[in-house]
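Note sheet for the following structure.
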Amino acid sequence: MNNLLIPNPKEAESIHIIREVAAQFERPVLLFSGGKDSITLVRLAQKAFYPAKIPFPLLHVDTGHNFPETIEFRDKLVAELGLELIVRNVQDSIDQGKVREERGRYSSRNSLQTTTLLDAIEEFKFDACIGGARRDEEKARAKERVFSVRDDFGQWDEKNQRPELFDMLNGKIHVGQNVRCFPISNWTELDVWEYIKTENIEIPSIYFAHEREVFFRDGMIWTANEHVFREPHEEVMVKMVRFRTVGDMTCTAAVLSEAVSLDDVVGEIRESTISERGARIDDKRSEAAMETRKKVGYF
Amino acid sequence: MDIQGRKLIKIATAGSVDDGKSTLIGRLLYDTKSLTTDKIEAIERSSKQRGYDYLDFSLATDGLVAEREQGITIDVAHIYFNTEKTNFIVADTPGHVEYTRNMVTGASTSQVAIILIDARKGVIEQTYRHFFIANLLRISHVVVAINKMDLVNYDEETFLKIKSDFDVLVEKSDFSEDQITFIPVSALKGENIASKSEEMPWYVGNTLLDHLEVLEPEDLQESSVARFPIQYVIRPKTEAFHDFRGFSGKLYGGSLKVGDEVTLLPSLNTSKIKSIHFFDQEIDEAAPGSSIAVTLETEVDLSRGDMLVKSSHVPQSEKQISATICQVNSKALRVGAKYILQHGVNRVLAKVDQIEAKIHTDFSGTEETDQLKLNDIGKVRFRLSKPIHFDSYKDNKSNGSFILIEEGDFDTVSVGFID
Ligand SMILES: Nc1nc2c(ncn2[C@@H]2O[C@H](COP(=O)(O)OP(=O)(O)OP(=O)(O)O)[C@@H](O)[C@H]2O)c(=O)[nH]1
Ligand SMILES: [Mg+2]
């Protein structure tokens with residue numbers, strides 16, 4: 001029998017991009033957060049180079065406020081696939097006096113990550129950082145290129161981006177510059193979930209409904225623990241929740257959910273009427289939040 | 001097809017400033033229930049702040065602060081939505097002065113172009129230019145959306161007049177009539193976008209969304225011959241795959257099968273396909289668009305930038321090429337200038353031999369020039385450091401196009417379509 005491969009165009013495009021990164025750059029790295037998008041990237045990178053190993057390391061910028069489930073998952077994945085993992089800690093940047101810990105009601109280490117990331121890029125001389133950002137996440141992301149050139153300060157100049165024509169990617173840079181590469185730019189949140197489901201990709205348990213101590217603020221559900229600032233009157237309760245994105249605890253809100261399997265999760269996403277970024281506390285601060293952070297080097 | 005068996009259709013929009021492109025896309029998102037409650041709330045909030053008594057859907061896509069402040073689109077944005085049957089990717093391209101560069105960029109990855117016309121203004125010079133680009137890029141299908149019909153009392157005569165003006169352009173182009181569809185709409189009011197307009201009973205065709213849904217990707221995809229540019233050589237050097245040497249890349253134009261007789265460029269060596277791999281599966285045949293790895297029956301010298309093709313259809317190999325160039329950077333292209341020419345994943349050096357002419361994008365002919373400035377389109381001859389293995393753009397889009405990279409900042413300054 002003739003078994004014919006009919007490509008999934010988005011998957012084929014992503015694999016093409018990942019191979020371009022490996023071919024055009026000397027020291028690429030995959031930024032791994034332990035979230036579903038970076039896990040999807042790892043699968044796509046496996047496909048791009050199979051039967052060889054993924055030819056670049058993973059970098060995790062650890063805020064110290066990650067969910068323990070994510071860290072466990074990360075270590076297991078890396079061991080199973082025989083990948084090289086580099087971890088750099090925001091705590092170290094704080095201890096070195098490079099950044100100051102935020103205080104108060106909306107304090108978070110999310111924006112502090114940028115300094116730790118830029119330091120790691122310099123330390124290892126990375127010239128390409130592969131990230132799992134998607135254009136459907138947020139309006140400012142919709143304008144992001146697949147290969148996005150950053151200067152020595154990691155800054156994004158949105159008015160001066162290289163046009164990207166057809167499949168051709170231009171990753172030529174000068175020493176000191178680096179490129180952020182986004183292989184799943186054209187995927188939607190639902191695409192990612194459907195892919196995880198059909199490919200049967202393992203993901204951290206916090207993506208599924210579980211009981212958790214939480215509190216309510218501004219119409220969002222916050223994790224109750226020592227890393228998250230909470231007013232005395234903000235009452236802690238136990239709820240069945242799940243996370244739609246897995247970032248730092250201080251900036252990732254939970255949603256009420258009964259979804260215990262991938263089928264349930266995909267079903268909920270399909271029905272859902274709140275966008276993924278609606279569950280990111282940092283973006284709610286202002287409409288231009290994302291664009292501002294990106295200009296200063298945030299991923 | 002995506003995993004769910006939905007087809008994927010890529011669309012670029014074109015229109016002058018304020019013709020309503022962003023509004024139209026916002027309306028498509030809203031009517032297909034692709035806008036989430038928090039996004040709709042944000043639009044309601046912003047519309048109110050600005051003192052509008054309607055929902056300004058352009059706010060759904062205009063993402064940069066400067067865009068929201070000025071109410072215009074500055075950069076190409078990509079928007080995603082889907083219906084039961086179809087996955088859509090829409091490139092929302094700005095209508096202001098830099099439109100040529102942006103529309104060429106947006107259209108280069110699209111199969112369908114929606115050209116908007118303001119019903120009050122009719123076919124204007126900009127319309128010529130948008131259609132010229134759709135023609136240059138050989139977009140498979142063009143929808144002419146005649147917008148703001150609410151402002152002309154949904155008048156049929158107005159629609160017919162614009163259509164007949166446009167038909168004059170179609171005659172000057174390479175398009176056949178069945179590649180062009182005219183739809184009267186009001187993006188703001190949602191007339192003929194996702195639901196049939198009761199205001200325009202005289203229009204018997206499909207709504208915009210229905211029309212986009214009945215387009216079949218097979219009809220929109222070019223059928224050509226197989227071109228397999230080598231991106232990356234996979235050498236696992238593990239015990240299990242000791243001798244494995246996989247040539248990986250994305251396949252364009254036609255399919256490849258195990259057993260196919262192939263020719264390798266530039267060496268002109270021949271071999272046979274031994275196996276085709278997609279991740280851990282071995283397959284017999286790969287359709288165009290697949291990102292695969294192939295192994296060959298014989299030991300050959302083949303590396304990144306080389307090309308594998310079926311021996312029955314070998315492309316041209318030349319060190320001198322002639323192409324239509326669109327300048328996409330503010331640095332002008334001049335005779336004698338040197339560039340890095342990127343053709344697919346292959347790079348060679350290129351020198352501008354001659355600028356034959358600048359082409360007027362309103363179909364009015366050409367003029368002589370010694371340089372091509374941002375947004376200019378012209379005919380240019382190049383001399384290359386090494387031959388490239390190409391097809392004419394009209395026969396094979398991916399193997400007939402290239403970009404020029406300037407050697408100072410390495411900016412992408414031009415895109416070329418080979419004659
Ligand atoms: N009455 C009416 N107004 C419309 C219609 N479509 C768009 N508009 C209005 O026209 C103005 C411009 O619309 P946009 O969607 O921002 O235009 P655009 O084509 O995206 O403009 P640029 O991106 O800047 O080129 C806005 O005030 C819209 O509300 C329509 O069908 N009827
Ligand atoms: Mg617009």
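The values are calculated or read from the model by the stated rules, or taken from the named source; none is laboratory data. Just so it is clear, the model here is predicted, and its values are computed rather than measured. Don't worry about glycine lacking a Cβ; one is built from the backbone with ideal geometry, like all the others, and counts go over all protein chains shown.
Regarding the range B:350-357, can at least one residue be identified that is part of a loop (DSSP other than H, G, I, E, B) and closer than 27 Å to residue B:172 by Cα? Looking for residues that are part of a loop (DSSP other than H, G, I, E, B) and closer than 27 Å to residue B:172 by Cα, one finds none in the range B:350-357, hence no.
Only residues that are within 16 Å of ligand 2 (Cβ to nearest atom) and of a type in the set (A, V, I, L, M) were counted in the range B:124-162, giving 1. Does residue B:330 qualify as being within 13 Å of chain A (Cβ to nearest Cβ) and either at pLDDT below 95 or on the phi > 0 side of the Ramachandran plot (or both)? Yes: the conditions hold for residue B:330. Within the range B:191-215, if we keep just the residues that are touching a helix residue (DSSP H, G or I) at 6+ places or on another chain (Cβ under 6 Å) and over 12 Å from residue B:145 (Cβ atoms), the residue that is surrounded by the fewest Cβ atoms within 10 Å (Cβ to Cβ) turns out to be B:202. With respect to the conditions (1) within 16 Å of ligand 1 (Cβ to nearest atom); (2) touching a strand residue (DSSP E or B) at 6+ places or on another chain (Cβ under 6 Å); (3) in a loop (DSSP other than H, G, I, E, B), residue B:146 lacks only one, and its number is (3). One residue stands out among those in the range A:5-19 that are facing chain B (nearest Cβ under 7 Å) and either among the basic types (Lys, Arg) or in a helix (DSSP H, G or I) (or both): the one that is nearest to residue A:193 (Cα to Cα), which is A:10. Go through the range B:373-417 and give me each residue that's part of a strand (DSSP E or B) and of a type in the set (S, T, N, Q). Matches in the range B:373-417: B:385, B:401, B:412, B:414. With the structure loaded, tell me whether residue B:223 is surrounded by fewer than 19 Cβ atoms within 10 Å (Cβ to Cβ), small (Gly, Ala, Ser) and farther than 30 Å from residue B:364 by Cβ or whether it fails that test. Yes, satisfied. Would you confirm whether any residue within the range B:339-352 is buried (at least 23 other Cβ atoms within 10 Å of the Cβ) and more than 14 Å from chain A (Cβ to nearest Cβ)? Yes. Count of the range A:150-201 residues, restricted to those that are within 11 Å of chain B (Cβ to nearest Cβ) and aromatic (Phe, Trp, Tyr), is 4. For the range B:1-51, enumerate the residues that are more than 11 Å from chain A (Cβ to nearest Cβ) and more than 16 Å from ligand 2 (Cβ to nearest atom). Correct list: B:31, B:32, B:44, B:48, B:51. Considering only the range A:20-39, I want to know if a residue exists there that is surrounded by 23 or more Cβ atoms within 10 Å (Cβ to Cβ) and facing chain B (nearest Cβ under 8 Å). Within the range A:20-39, one or more residues are surrounded by 23 or more Cβ atoms within 10 Å (Cβ to Cβ) and facing chain B (nearest Cβ under 8 Å). Answer yes or no: is there a residue in the range A:42-54 that is among the hydroxyl-bearing types (Ser, Thr, Tyr) and in contact with a helix residue (DSSP H, G or I) (Cβ under 9 Å, 6 or more places away or on another chain). There is no residue in the range A:42-54 that is among the hydroxyl-bearing types (Ser, Thr, Tyr) and in contact with a helix residue (DSSP H, G or I) (Cβ under 9 Å, 6 or more places away or on another chain).
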